[in-house]
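The values are calculated or read from the model by the stated rules, or taken from the named source; none is laboratory data. Since we're looking at a predicted model, the values are computed, not measured. Note that each Cβ is placed from the backbone with ideal geometry, even for glycine, and that neighbours are counted across all protein chains shown.
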């Protein structure tokens with residue numbers, strides 16, 4: 001449904017016929033870590049996340065999984081090779 005509280009006219013998964021179903025009935029503004037993300041939307045009352053009603057909880061335990069400006073690069077793990085098995089493989 002379309003939001004009728006803060007982000008008026010935008011699609012919201014928490015809107016019902018009775019109003020906003022999210023805790024407190026309103027979306028929360030973005031936090032400092034969200035600056036630069038392409039999901040941020042400016043409305044008359046401030047900047048809000050288009051994907052999450054409470055961005056602070058997404059950043060509580062590390063990087064936000066919805067953030068478009070943060071890359072999740074994993075370090076390549078070098079696998080330890082048993083020298084005995086490596087020598088047997090080279091004989092084949």
query = Among the residues of the range 53-78, which ones are farther than 15 Å from residue 35 by Cα, out of contact with any strand residue (DSSP E or B) (no Cβ under 9 Å at 6 or more places or on another chain) and either at pLDDT below 80 or assigned to a loop (DSSP other than H, G, I, E, B) (or both)?
reply = 60, 61, 62, 72, 73, 74, 75, 76, 77, 78
ask   = What do you reckon, is residue 24 assigned to a loop (DSSP other than H, G, I, E, B) and out of contact with any helix residue (DSSP H, G or I) (no Cβ under 6 Å at 6 or more places or on another chain)?
value = no
query = Out of (1) surrounded by 10 or more Cβ atoms within 10 Å (Cβ to Cβ); (2) over 19 Å from the mean Cα position of the chain (by Cα); (3) modelled with pLDDT under 80, the odd one out for residue 12 is which?
reply = (2)
ask   = Looking at residue 89, is it out of contact with any strand residue (DSSP E or B) (no Cβ under 7 Å at 6 or more places or on another chain) and either surrounded by 13 or more Cβ atoms within 10 Å (Cβ to Cβ) or at negative phi (or both)?
value = yes
